[in-house]
1. List the residues whose amide H sits under 5 Å from the amide H of Val79, counting only those 5 or more places along or on another chain, with H placed 1.01 Å from N in the peptide plane.
2. Please report the net charge: other residues with Cβ closer than 13 Å to the Cβ of Phe87, K and R +1, D and E -1.
3. Starting with the fewest neighbours, write out Phe99, Phe87 ranked by other beta-carbon atoms found within 10 Å of each beta-carbon.
4. Specify the inter-centroid distance of the range 33-112 and the range 1-27, based on alpha-carbon positions, in whole Å.
5. Amide H of Gly47: which non-local residues (sequence gap of 5 or more, or other chain) have their own amide H closer than 5 Å, using H built in the peptide plane?
6. Between Phe39, Phe90, Phe24, where does the largest GNM mean-square fluctuation fall for the chain, given springs only between Cα atoms within less than 10 Å?
7. If you restrict to DSSP beta bridges whose two residues both lie in the range 15-187, what percentage is antiparallel, to the nearest 5?
8. If I build a Gaussian network model for the chain, linking alpha-carbon pairs within less than 10 angstrom, which residue out of Ala150, Ala88, Ala32 has the largest mean-square fluctuation?
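Derivation of every value follows stated rules applied to the coordinates shown; laboratory data play no part. What you see is a predicted model, and the numbers here were worked out from it, not measured in a lab. Ideal geometry is used to build each Cβ from the backbone, glycine not excepted, and the neighbour counts take in all protein chains shown.
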Amino acid sequence: MRERVKFREIKPELRILGIDDCPFTPRKAGTAILIGVVFRGGLWLDGVMKTEVEVDGLDATDKIANMIRNSPHYDQLRVIMLNGITFAGFNVVNIRRIFELTGLPVIVLVKEKPNVREVEMALKNLPNWEERWKAIQDAGEIIKLSVRKANIYMQTAGISGEDAERILKISCTRSSIPEPLRVAHIVASGLAKPAVDERKKV
C-alpha cells in the first residue's frame, strides 16, 4: 500500500485535476462523460481530459485512473479533486484505489453532508451493492470545513487533512468551491445534450 503523500511545500501553482460528470439520464442504461480539468492552483486552466463511464456501473474507478495515467498532464499533476464520490448515478469511485493506481492523493468535496444511511439503502437496489458500499466506507471520515464563510464536506485518500485544507485555500480563489471543480462543472454542464423540440422537425 502506498504511503500518504507528504507535501514539503504547497505552491500557488500546484497542478490540480478537478473531475465532474456531464448531465445524463438517470436509471437508464447508457454512459456519461466525465470531464477532468487541470488547473494551476486556483489561478488558470492548463488542460482538459475526458472519459466515459456506465450509468450506475462499476467502472468509474478504473476509467478515471486510466484517463489520468494516459494524459500528457500526468507527470505534472499533484492532486485529484472529485465532485462527490459517485458519478453517473451510483457509479461509486474507490478513492483509495485511485490513489494506489495513480500515486496521486484524492480530495472529495460536496456542498451538503451525505446521508450515509439513505445512500446505503439506495445501493441495495443495485447489483454488486456490497462492492459499492465498501468503496464508500473506504473513503473514510466525512470532515466538515468552513471555506470562504461557507460549509463544505471533505473526504481524502493519500493526504493529510491539514495538507488538504491548505490546498483548498490556494484553489478556492472565487468561491467556496475550488476552481478545478468549479470549472469542471461548468464545462461538463455545457456538454448536456439539448432536448429535441419535435415541433421544429421538418
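1. Those qualifying (amide H under 5 Å, at least 5 residues apart or on another chain) are Leu17.
2. So the environment of Phe87 carries a net charge of -4.
3. Least crowded to most crowded, the residues run Phe99, Phe87.
4. What the calculation gives is 6 Å, centre to centre.
5. Long-range HN contacts for Gly47: Val38.
6. Phe24
7. Roughly 80 percent of the beta bridges in the range 15-187 run antiparallel, per DSSP.
8. Ala150
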